[in-house]
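To keep things clear, I will list the structure first and then write my remarks on it.
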Amino acid sequence: MEDEVSNRMEALLIATVSPMAKGDISIALSIDLKAVNKALRNLKKRYEETSLELKMIGRKYKIGVRDKYSEVAFKYSESEMNKGELEIIGLLFRKGRTYISHVERLRGKKAEEELDHLGRLGLVEIIPQGRRRIVKLTRTFFSRYGKELKERVKLEENKPEETQDNDQVSS
């Protein structure tokens, strides 16, 4: 039974895009928190000598590739983000934060939809400031993708800017 719970939890934590809290895991698998804790310990032990690891992001869990192997995995995996969303991430990675109007000038009509998707993934946060809105990367972004996206962001830095930086907000 222990292995069955661990296997179900493993499938859940690999399949989900966002990390999950113990309470959410408990509800999703219809098990108590004691069983969740035991299965988390089993998974952590299971991955000790593999390229995968049980990652704790804040108080939530996700199974992912160890940083040591992320370069090869990321190079051949399909991203949960499209090219435009990666451009937005690159912009925010370089600037820290900026007005949404700047992102809209960069991405055009697709900006709102792409920002919504990035928000649902928990990677960006939109903060109202008077009549304007500021967008910035979240801690979740840095915990999940800090190292993995560094290479893709570097590619974006090498592209010439299409718009002026007049709308930038200081960090």
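The values are calculated or read from the model by the stated rules, or taken from the named source; none is laboratory data. Bear in mind the structure is a predicted one, so any value in this text is a computation, not a measurement. With ideal geometry, Cβ positions are generated from the backbone for all residues, glycine too; neighbour counts draw on all protein chains shown.
Under 23 Å from P19 (Cα atoms) and basic (K, R) - does that describe any residue in the stretch 92-99? No, the conditions are met nowhere in the stretch 92-99.
Considering the stretch 91-146, and only residues there that are at positive phi and touching a residue at least 60 places away in the same chain (Cβ under 8 Å), the residue that is surrounded by the most Cβ atoms within 10 Å (Cβ to Cβ) turns out to be G122.
Within the stretch 148-166, can one find any residue that is basic (K, R), at pLDDT below 70, more than 22 Å from A73 (Cβ to Cβ) and in a loop (DSSP other than H, G, I, E, B)? Write out each step before concluding.
Taking the stretch 148-166 and keeping what is basic (K, R), we get 150, 152, 154, 159.
Filter once more, keeping what is at pLDDT below 70: 150, 152, 154, 159.
If we keep only those that are more than 22 Å from A73 (Cβ to Cβ) as well, we get 159.
Going one step further and asking which of them are in a loop (DSSP other than H, G, I, E, B), we end up with 159.
Yes, the stretch 148-166 contains a residue that is basic (K, R), at pLDDT below 70, more than 22 Å from A73 (Cβ to Cβ) and in a loop (DSSP other than H, G, I, E, B).
Before we move on, is E48 surrounded by fewer than 17 Cβ atoms within 10 Å (Cβ to Cβ), modelled with pLDDT under 90 and not in a helix (DSSP H, G or I)? Judged against the criteria, E48 is not a match.
Scanning the stretch 1-45 for residues that are in a loop (DSSP other than H, G, I, E, B) and exposed (fewer than 13 other Cβ atoms within 10 Å of the Cβ) turns up M1, V17, S30, D32.
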